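Presented below is the structure to which this report refers.
The values are calculated or read from the model by the stated rules, or taken from the named source; none is laboratory data. Bear in mind that the values here come from a model prediction, so they are computed numbers and not experimental data. When we count neighbours, we look across all protein chains shown, and the Cβ atoms used for this are built from the backbone with ideal geometry, even at glycine.
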Amino acid sequence: MPSEDLASFWMPFTANRAFKRQPRLLVAGRGMHYTAAGGREILDATSGLWCVNAGHARREIADAVHRVLSQLGYATSFQMGHPAAFELADRLAELLPGELDRVFFTNSGSESVDTALKIARAYQRARGAPERRVLVGRERSYHGVNFGGLSVGGLPNIQSPFGPLLPDVAHLPHTHDREQMAFSRGQPVWGAERAEALEEVVAERGAGTIAAVIVEPVAGAGGVLVPPNGYLERLRAICDRHDILLIFDEVITAFGRLGAATAAERFGIVPDMITMAKGLTNGAIPMGAVGIRRYIGETILDASPGGVELPHGYTYSGHPAACAAGLATLSIYRDEGLFARAAELEPAFEDMVHGLRDAPGVIDVRNLGLMGAIELEPAGNPGARGAPVMQACFDRGLLVRLAGDTIALSPALIAEPSHFERIGQTIADVLHSF
Ligand code: PLP
């Protein structure tokens, strides 16, 4: 049993003192629900943390992990290998669009992002353009917490305690303008021209200095910001024009969140790299991956014949337990048709979130796939409005996630419309109660 004051565990991204005064402990999970300490059932409207896309505690994944841990336990991927890592890379290459058929394994989304940024620079060097170093991110984006991802990310409150961050970084403006696009259903029709800001960065810095642009196709942690119609297409065209790599950070959007294997597939755009994590193992075992266009991988390999081409990797890259979890997870997605199911559920989900537009304090509602946001009018410090809403939902048996004062929803792809009704009703009750 943990100590009564819960003091030893310094919890991440948590107001520790407040939490420990009023802990919310989860002790079990099954399907769409958690069980809280004390036995209360909690409907999970957030898929854990955007990751449990196939629902909680899937037996197939647990069994696969158990089997491999009893048989192999650990094998390094440095100069050695084990079959499941190659098999999982093959399966991912099949899921990814275009020629993204090289896969590098990591242990998290943050590591996937830093890996992709390093590969972008290594590629530019390998093709004889070492002066292409600049990494372009975007305001209001979240690319994890390691120094690379933090530097290209665009959330000042998580950057400011840790500066100085990486040099040779530029930022595009975010795409959200409430006056133009509030309460859009799906992709806003206004805003594609925001992509032209990349031309301004090119004009200012010179195309020959830029290695890559990284964006979340739908920004998650920054408040569920849906890309305007045509915006990502324009970004792709500008990158092509100036020979700049385009990285989609799909840590949230891959594995069915938008009703397709990837956001790239949903939008019909092929980036040069895709970062993944979360839904890759249904959240059961930490794992991330980067999908890389073949010519990028081949260029780096060609530049170092015989030696280690990419001096990068993690002790647990391609860990056997993670690979077993990944393979079992991908089989569940395929066998249960969960990506298509998410697409079928999208209209009911959209109706539910937009049904909250007239609830007290709501200033915007956004959605795409099974990602939704209900933005509340701020009251004082960012989050001051949202935090009590989250607690009140939890007290009523519903887990929601807050991004500042925005309620972010991302139910598992196994949800039923009746779950959406409960989510909408509970949030409406809570907002009326304040
Ligand atoms: N990139 C995106 C788009 C994310 O949403 C996240 C996490 O939510 C990350 C990167 C970081 O992933 P992790 O927390 O696994 O390091």
statement: Only one of LEU310, LEU338, LEU330 is within 16 Å of ALA277 (Cα to Cα) and either touching a residue at least 60 places away in the same chain (Cβ under 8 Å) or assigned by TED's automatic domain parsing to the domain that holds MET80 (or both), namely LEU330
field: helices (runs of 4 or more DSSP H) contained entirely in segment 305-404, each with at least 3 residues that are within 21 Å of GLY109 (Cα to Cα) and within 22 Å of the chain's Cα centre (by Cα)
entry: 320-335
message: If I ask for residues that are outside any loop (DSSP other than H, G, I, E, B), polar (S, T, N, Q), within 28 Å of HIS419 (Cα to Cα) and without any contact (Cβ under 8 Å) to a residue 24 or more places away in the chain, which ones from segment 2-58 would you list?
response: THR35
From ILE292, ILE300, ILE296, residue being under 20 Å from the mean Cα position of the chain (by Cα), modelled with pLDDT of 95 or more and not in a loop (DSSP other than H, G, I, E, B): ILE292
query: Looking at ALA392, is it small (Gly, Ala, Ser), buried (at least 23 other Cβ atoms within 10 Å of the Cβ) and closer than 20 Å to HIS33 by Cβ?
result: no
query: Is one or more of the residues making up segment 160-169 buried (at least 22 other Cβ atoms within 10 Å of the Cβ), within 16 Å of the ligand (Cβ to nearest atom) and at pLDDT 95 or above?
result: no
statement: For ASP101, the lone unmet condition from (1) in a helix (DSSP H, G or I); (2) under 29 Å from LEU327 (Cα atoms); (3) more than 16 Å from the ligand (Cβ to nearest atom) is (1)
query: Would it be correct to say that GLU416 is closer than 26 Å to TYR142 by Cα and acidic (Asp, Glu)?
result: no
message: Just the residues that are of a type in the set (A, V, I, L, M, F, W, C) and not in a strand (DSSP E or B), please, taken from segment 237-259.
response: ALA237, ILE238, CYS239, ILE244, VAL251, ILE252, ALA254, PHE255, LEU258
task: Take segment 260-289 and flag every residue that is within 15 Å of the ligand (Cβ to nearest atom) and in a loop (DSSP other than H, G, I, E, B).
output: THR262, PRO271, ALA277, ASN282, GLY283, ALA284, ILE285, PRO286, MET287
query: Which one of the conditions (1) more than 25 Å from SER410 (Cβ to Cβ); (2) among the small types (Gly, Ala, Ser); (3) touching a strand residue (DSSP E or B) at 6+ places or on another chain (Cβ under 7 Å) does GLY313 fail to meet, given that it meets all the rest?
result: (3)
query: When only residues in segment 112-144 that are polar (S, T, N, Q) and part of a helix (DSSP H, G or I) count, which is nearest to the ligand (Cβ to nearest atom)?
result: SER112
statement: Exception for ASP90 within (1) within 17 Å of GLU250 (Cβ to Cβ); (2) more than 16 Å from the ligand (Cβ to nearest atom); (3) in contact with an Asp or Glu (Cβ under 9 Å, 6 or more places away or on another chain) falls at (1)
